[in-house]
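Let me begin by presenting the structure, written as structure tokens, before commenting on it.
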Amino acid sequence: MKSPLLPDSAARRAPLRAQVTRVVRLAAHLLTMRLGVTRRRGRPAATVHPRQAGQWAARMLDILDVRPVVTGHVPAPGEAVLIVANHISWLDVQALGAVTGARFVAKSDIRRWPVVGTVAAHCGTVFLKRGSCRDAWRAKNTVANTLRTGDAVAVFPEGTTTDGRRVEPFRAALLQAAVDARTRVHPVAIRYQTANRTGNGPAAFVDDMNFLASLWRVVREPLMAVHLHFGPPLSARNRTRRELAAVAQLTVVEALARATDDPLRAALQPTPVPERRAGGTPAHPSMRPPAQAPAAA
């Protein structure tokens with residue numbers, strides 16, 4: 001059945017011409033990013049500024065027609081905070097990056113992805129080897145140092161992606177970085193909605209799916225919204241990393257359970273950017289302003 005929010009001509013899939021256009025624009029954007037992290041004579045450039053990385057992420061969402069809808073206690077621009085979120089898709093990184101300008105922790109496998117891995121490395125991504133306690137300790141120290149320099153960092157403490165119908169227990173190791181840096185932890189609940197009302201399904205990057213197959217599913221969707229609900233920030237003072245992980249997970253689970261609004265409808269009705277807790281302008285003025293939906297919590 002066609003979505004009532006789309007023109008009558010809209011189909012369950014984006015028109016072939018739109019799909020081809022997205023692929024071409026995406027290829028050009030990836031090339032632009034790759035060139036942006038390379039100096040003359042092929043020497044690597046310095047780490048990309050979070051603002052630039054956020055603009056690239058916003059551009060990626062715009063090309064794929066994935067529209068961010070933001071509610072809750074959004075961190076102020078330039079605030080050093082550890083963002084923790086449930087993990088559904090590689091699109092989570094683009095959405096959080098576009099809205100917050102955060103750096104990320106990612107599995108080491110991504111470092112070897114063509115173009116994407118190189119760009120991620122230059123954007124300050126901390127790569128983590130799964131199953132290695134020593135590497136987890138190194139990553140934790142790197143995240144803590146990044147927080148101390150004033151940058152936000154985002155992690156997905158489930159340690160894997162899901163279809164969004166459940167939230168796996170949050171692993172506590174990387175939350176020690178917030179304790180060490182004496183900064184706050186900011187839980188975020190992520191969910192998706194499509195024009196065909198199929199929820200997280202087309203965005204979910206699960207099981208044995210490879211990146212190209214997942215990307216193709218997104219390209220074929222007529223329209224998608226990603227809802228980011230920022231829960232209240234959690235102070236790390238007088239809390240252990242395990243306590244922080246448990247409270248953050250509960251915050252995300254409750255926000256998803258209470259979410260009854262339609263993020264796609266909000267995305268199709270542009271509204272002012274949500275007011276920041278500490279005031280200020282959006283972190284990335286070049287991106288299409290995220291719509292504001294009724295708070296889920």
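The values are calculated or read from the model by the stated rules, or taken from the named source; none is laboratory data. In this text, all values refer to a predicted model and were calculated from it rather than measured experimentally. All Cβ positions, even for glycine, are placed from backbone atoms using ideal geometry, and neighbour counts span all protein chains on display.
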Go through ARG67, ARG25 for me and flag whichever is at pLDDT 90 or above, surrounded by 12 or more Cβ atoms within 10 Å (Cβ to Cβ) and farther than 30 Å from VAL185 by Cα. ARG25
Output for the range 72-96, where each listed residue is modelled with pLDDT under 95 and of a type in the set (Ser, Thr, Tyr): none
Taking the options ARG34, ARG17, name whichever one is more than 26 Å from GLN269 (Cα to Cα) and at pLDDT below 95. ARG34
Please tell me if ARG258 is at pLDDT below 95 and either surrounded by 18 or more Cβ atoms within 10 Å (Cβ to Cβ) or out of contact with any helix residue (DSSP H, G or I) (no Cβ under 9 Å at 6 or more places or on another chain) (or both). yes
Determine whether GLY164 is touching a Gly at 6+ places or on another chain (Cβ under 8 Å), under 30 Å from GLN269 (Cα atoms) and free of Cβ contacts under 8 Å to residues at least 60 places away in the same chain. no
Kindly check whether there is at least one residue in the range 138-154 that is buried (at least 20 other Cβ atoms within 10 Å of the Cβ), closer than 21 Å to SER214 by Cα and touching an Asp or Glu at 6+ places or on another chain (Cβ under 6 Å). no
I'm trying to understand the selection: among the residues of the range 146-193, which are in contact with a strand residue (DSSP E or B) (Cβ under 8 Å, 6 or more places away or on another chain), within 22 Å of GLY101 (Cβ to Cβ) and part of a loop (DSSP other than H, G, I, E, B)? ASP151, ALA152, PHE156, PRO157, THR183
Checking the structure you have, find out if any residue of the range 114-130 is within 21 Å of ALA85 (Cβ to Cβ), surrounded by fewer than 17 Cβ atoms within 10 Å (Cβ to Cβ) and among the small types (Gly, Ala, Ser). no
Residues in the range 150-191 that are aromatic (Phe, Trp, Tyr) and over 18 Å from the mean Cα position of the chain (by Cα): how many? 0
Going through (1) at pLDDT 95 or above; (2) surrounded by fewer than 18 Cβ atoms within 10 Å (Cβ to Cβ) one by one, ARG51 fails only at (1)
Restricting the search to the range 222-250, which residues are over 19 Å from the mean Cα position of the chain (by Cα), at pLDDT 95 or above and either of a type in the set (Phe, Trp, Tyr) or buried (at least 20 other Cβ atoms within 10 Å of the Cβ) (or both)? LEU234, ARG241, LEU244
Among the residues listed as VAL153, VAL226, VAL206, the single one being β-branched (Val, Ile, Thr), farther than 17 Å from LYS107 by Cα and in contact (Cβ under 8 Å) with a residue 40 or more places away in the chain: VAL226
